[in-house]
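Have a look at the structure below before the remarks.
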Ligand SMILES: NC(=O)c1ccc[n+]([C@@H]2O[C@H](COP(=O)([O-])OP(=O)(O)OC[C@H]3O[C@@H](n4cnc5c(N)ncnc54)[C@H](OP(=O)(O)O)[C@@H]3O)[C@@H](O)[C@H]2O)c1
């Protein structure tokens, strides 16, 4: 699917879903309102062996597991509790919650927070950078041996956002001077720029192993994500919806994605996982509307020095080095 188009998950699964039969899939960010919750239900229709469904509280996942049990009783499901604002929770979950799972075929990082008031994670990172990016940087490192065990054709999908187009990683001031110059949207943009830069480098590194890595924009979807938005958010969105009203970090105009359903939002994640028209040769690409959209990456995000610095800083933040 080389042409950008808004597709429902059902359409992508009908074409490529057979490859998911018998597979083990881990998804973060599960809730009834979230894109990840919809993704889990959609993927269950393709008869995977095990769906590992992560959230910080089990009550968020329970209704999704219930729905899957009703329609697909043979698909095994499991709750994995992770508080992404606490790296010790990330480590505990992988060490104790997955010790009996030798391989994971697909990992889809969907959990995230948008435009929250200034706050810090338990490890002292600005909240959006910590939850949306640093926790995933550690999760990927810890999960990589299990994905490598699944072998070529496995995938690591990192959710990003169209706001990546406006975001830059403030490499010398990641926490906005300890919140003094905090702007919730710049911080959301920073965290998504970091997600896409991470996927770009990780994808390049894992190409030789045949592990698919993409960052994806799910589009504009009405979910729990808007919970921190101010009352004037709807007015802001109306302004963004005007064609050519958005400007990327290089000064180029672009249009807001059309509003999408949760099924359409999850579809580009599924495309990244299994669409065979997008290959490992495209690794590290940014996907939007079920197609490669690397023209959405601006010069800061593409910059190899920035990407290298971000990677090195991230290894310092998690206190571990990648072995790839
Ligand atoms: N919706 C959109 O229009 C849109 C557009 C572009 C990109 N995205 C990206 O898509 C992803 C999914 O968002 P969504 O729209 O499905 O929003 P959502 O309904 O708010 O789902 C996000 C999930 O992330 C979880 N989460 C937040 N903070 C967490 C933490 N500290 N630890 C563990 N889990 C945490 C939330 O759990 P709790 O309920 O417990 O907080 C929630 O279940 C996000 O990464 C977002 O940046 C969304």
Q) Where is the GNM fluctuation largest for the chain (alpha-carbon springs, 10 angstrom cutoff): 180, 60, 120? A) 180
Q: Would you mind checking the radius of gyration and Dmax of segment 1-71 based on alpha-carbon positions, in Å?
A: 12.7, 39
Q. Taking the convex hull of the alpha carbon atoms in segment 210-324, what volume per residue do you get, in Å³?
A. 153
Q | Values of log10 I(q)/I(0), in the order q = 0.10 Å⁻¹, for the chain under a Debye, Cα-only, solvent-free model | A | -0.51
Q.
Which one, 77, 308, 45, has the greatest fluctuation when you compute a Gaussian network model over the chain with C-alpha springs under 10 angstrom?
A. 308
Q: Return the percentage of antiparallel bridges among DSSP beta bridges fully within the chain, rounded to the nearest 5 %.
A: 15
Q: Put one equal scatterer on each alpha carbon of segment 46-100, apply the Debye formula with no solvent term, and list log10 I(q)/I(0) at q = 0.15, 0.27 1/Å to two decimals.
A: -0.46, -1.04
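Out of the DSSP beta bridges found with both residues in segment 161-295, what percent are antiparallel (nearest 5)?
Counting only bridges with both partners in segment 161-295, antiparallel ones make up about 45 percent.
Tell me the mean residue ellipticity at 222 nm calculated for the chain from its helices only (DSSP H runs of n ≥ 4, each -39500 (n - 2.57), averaged over every residue, nearest 500). Spell out each step's value before the answer.
Numbers: 10 runs with 123 residues, N = 324.
Rounded to the nearest 500, it is -12000 deg cm²/dmol.
Given axes a ≥ b ≥ c from the Cα gyration tensor, I'd like to know whether segment 240-292 is rounded (a/c under 1.5), prolate (a/b larger than b/c) or oblate.
Numbers: a/c = 3.86, a/b = 1.55, b/c = 2.49.
Judged from the Cα gyration tensor, segment 240-292 comes out oblate (a/c at least 1.5, b/c at or above a/b).
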Q) Based only on the alpha carbon positions, what is the Kirkwood hydrodynamic radius of segment 12-157, in angstrom? A) 15.5
Q: Find how many whole Å separate the alpha carbon centroid of segment 92-162 from the alpha carbon centroid of segment 210-258.
A: 22
Q. Which three extents, in whole angstrom, do the alpha-carbon atoms of segment 81-182 cover along their principal axes, largest first?
A. 45, 29, 21
Q: With springs only between Cα atoms under 10 Å apart, run a GNM on the chain and tell me which of 224, 29, 112 wobbles the most.
A: 224
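No lab work stands behind these numbers, since they all come straight from the coordinates. Computed from a predicted model, the values in this text were never measured in an experiment.
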